[in-house]
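The values are calculated or read from the model by the stated rules, or taken from the named source; none is laboratory data. Note that the structure is predicted; figures quoted are calculated from it, not measured. Methodologically, a virtual Cβ is constructed for each residue, glycine included, from the backbone with ideal geometry; neighbour enumeration extends over all protein chains shown. For accessibility, only protein heavy atoms count, side chains too; no ligands or nucleic acids. Shrake-Rupley method; radii C 1.70, N 1.55, O 1.52, S 1.80 Å.
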Amino acid sequence: MGGVHIQAVSVEDTWARLKGDTRSVLIDVRTIAEWAYVGLPDLSALGKRPVLVEWQGFPDDRLNSAFVERVTEALTPIGADRDTELLFICRSGQRSLKAAQAMAAAGYLRCRNVADGFEGPLDDERHRGKLGGWKAKGLPWAQG
């Protein structure tokens, strides 16, 4: 999987792509705890909802061995196929890169990684959410 090249896109570009392409899909691969306590991207202004599939489970951080199957199952009812642009987001862009690589290896052709993720990188005080990412850039989100 590591050899599959995945394009990184900024959170602003992600929003523009989701807005400009009605078929594009945001896939949030964070944990259920992150969705509940940190918040979720709010795509309601675009008439969309993010697809939620954990890359790693909470609280044990065990890799979700059924990730590709769960994402595929979630994409089917919304009409997404192997040529739909899939934008993967996590906390800071690391898990989402691996998730995008896994889906690309499974034959999905337009997988992208959301650079800086939902909360962005750590600042000097080791806090997230100020330097970059979905929340820091002021994109719509809601508490889980």
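Sequence gap at least 6, Cα distance under 8 Å: using those rules, report the relative contact order of the chain to the nearest whole percent.
Numbers: 288 pairs, mean separation 44.9, N = 144.
31 percent.
Per residue, how large is the accessible surface of the chain? Use a 1.4 angstrom probe and give square angstrom. Please list the in-between numbers first.
Working: 7450 Å² over 144 residues.
Here the residues of the chain average 52 Å² of exposed surface.
So if I place +1 on the C-beta of Lys and Arg and -1 on the C-beta of Asp and Glu, and nothing else carries charge, what would the dipole magnitude of the chain be about its Cα centre? I want it in debye, nearest 20. Numbers along the way, then the final one.
Details: 19 positive and 19 negative charges, 31 e Å.
For this selection, approximately 160 debye.
I'd like the projected area of segment 39-119, averaged over all directions, using the convex hull of its alpha carbons. Report it in nm² with one decimal. Write out the running numbers ahead of the final one.
On the way: hull surface 22.1 nm².
Mean shadow area of the hull around the Cα atoms is 5.5 nm².
Counting only protein heavy atoms and a 1.4 Å probe, tell me what percentage of the chain's accessible area is made up of carbon and sulfur. The partial results should precede the final answer.
Details: 3750 of 7450 Å².
The C+S portion of the solvent-accessible surface of the chain is 50 percent.
Evaluate E = 1/(1 + (r/R0)^6) for Val4 and Asp81, where r is the Cβ-Cβ distance and R0 equals 22 Å; express this FRET efficiency to the nearest 0.05.
Details: r = 19 Å, r/R0 = 0.85.
That pair, Val4 with Asp81, gives E of 0.75.
Going toward the positive end of the dipole of the chain, with +1 on Lys and Arg Cβ and -1 on Asp and Glu Cβ, which of Gln94, Ile78, Ile27 do you reach last?
Ile78
Dimensions of the chain along principal axes (Cα, Å, largest first)?
Principal-axis extents of the chain (Cα, largest first): 40, 35, 27 Å.
Return the inverse of the average 1/r over all pairs of distinct C-alpha atoms in segment 80-144, which is the Kirkwood hydrodynamic radius, in Å to one decimal. Let's see the in-between values first.
Numbers: mean 1/r = 0.0800 Å⁻¹.
Every distinct Cα pair counted, the radius reaches 12.5 Å.
Show that you can apply the helix-only estimate: for the chain, add -39,500 (n - 2.57) for every DSSP H stretch of four or more residues, divide by all residues, and state [θ] at 222 nm to the nearest 500. Provide the component values of the computation, followed by the final result.
Working: 4 runs with 37 residues, N = 144.
Computed ellipticity for the chain at 222 nm equals -7500 deg cm²/dmol.
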